[in-house]
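Below you'll find the structure, written out as structure tokens, and then a few comments.
The values are calculated or read from the model by the stated rules, or taken from the named source; none is laboratory data. Computed from a predicted structure; not experimentally measured. So basically every Cβ, Gly included, is an ideal-geometry build from the backbone, and we count neighbours across all protein chains shown.
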Amino acid sequence: MHLAVVGIMMLALTLAGCVSTQTPHHTDLNAPHPTYVAMYGPQPDEKFPLPATDISAVDPQFLRREVAYDTPERPGTIVVDTANRHLYLVRENGRALRYGIGVGADGMKWAGRAQVGRKAAWPRWTPTAAMIKRDPERNRRWANGMPPGPNNPLGPRALYLFQDGRDTLYRIHGTTEPDTIGEAVSSGCIRMLNQDILDLYSRVPVGTPVVVLQDTQTVDAATKPST
């Protein structure tokens, strides 16, 4: 009798072990990896503390990672691939840091070579005349500039692209709409997840070369090394 009781107890423990090691539900399998949850976590030490970014709706291909990248560009160059919604920071040995981007209307119109002419932490946003004309009800109130802060569409950092010493009006910046990463959006230039623009900003100095690609027809010309 004692042996029978022990057998039953052992069977119960075995079954309990099976239950505790079941495969997670489908929704659990689709949850963001803990590495990415940490990568896009809150930034409480910022001038305006940043909350964690909800990346559950962001396609994983648009999350920051190091990848193999074959390019003639020198390490330290930023390559913006607008067609595929990726931004690359070229590294040594055929590698690059790849970030997801959202491409706005202004960002769809320009391709070529530029440099980071200015960097700004918590920048002020001023809509262009075209933006005000396109959406006067929303943008006219900010004609003289929107103060920096969590609601500013440029986010916590901005890189201002210059060509031959002149501002192209092309920006790489953060966003208040993380769900637009990987998309063509209605306005703005090149937007990145806020934690990604913080990371890129920390890695590139003023003067960093930038190559902006629009489509396959411009790739060869835009990526040809300068002589």
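Things to note:
- Pairing each residue of segment 81-102 that is under 20 Å from V185 (Cα atoms) with any residue that is among the small types (G, A, S) and outside any strand (DSSP E or B), provided the two are 6+ apart or on different chains, yields C-beta distances under 7 Å for T82/G107; R85/G182; G100/G182; G102/G182.
- Number of the exception - M108 against (1) of a type in the set (A, V, I, L, M); (2) at pLDDT below 75; (3) in contact with a Gly (Cβ under 9 Å, 6 or more places away or on another chain): (3)
- Long-range neighbours under 9 Å by Cβ, at least six apart or interchain, first residue closer than 20 Å to T208 by Cα within segment 58-74, second of a type in the set (V, I, T) and outside any strand (DSSP E or B): T71/T77; T71/T223; P72/T223; E73/T223
- Meets criteria (charged (D, E, K, R), outside any strand (DSSP E or B) and modelled with pLDDT of 95 or more) for E137: no
- Sole residue being within 23 Å of R98 (Cα to Cα) and either at pLDDT below 95 or within 16 Å of the chain's Cα centre (by Cα) (or both), chosen from T216, T208: T216
- The strands (runs of 3 or more DSSP E) found entirely in segment 47-115 that carry 3 or more residues being closer than 21 Å to L169 by Cβ are 78-81.
- The set of residues from segment 152-167 being at pLDDT below 90 and either polar (S, T, N, Q) or more than 28 Å from P51 (Cβ to Cβ) (or both) is empty.
- For segment 36-46, the set of residues classified as within 24 Å of E66 (Cα to Cα) and assigned to a loop (DSSP other than H, G, I, E, B) consists of Y40, G41, P42, listed by residue number.
- Residue count for segment 154-190, restricted to those that are closer than 22 Å to Y36 by Cα, in contact with a Phe, Trp or Tyr (Cβ under 8 Å, 6 or more places away or on another chain) and either surrounded by fewer than 24 Cβ atoms within 10 Å (Cβ to Cβ) or of a type in the set (G, A, S) (or both): 2
- Here L193 clears all of (1) under 16 Å from the mean Cα position of the chain (by Cα); (2) hydrophobic (A, V, I, L, M, F, W, C); (3) buried (at least 19 other Cβ atoms within 10 Å of the Cβ); (4) at pLDDT below 95 except the condition numbered (4).
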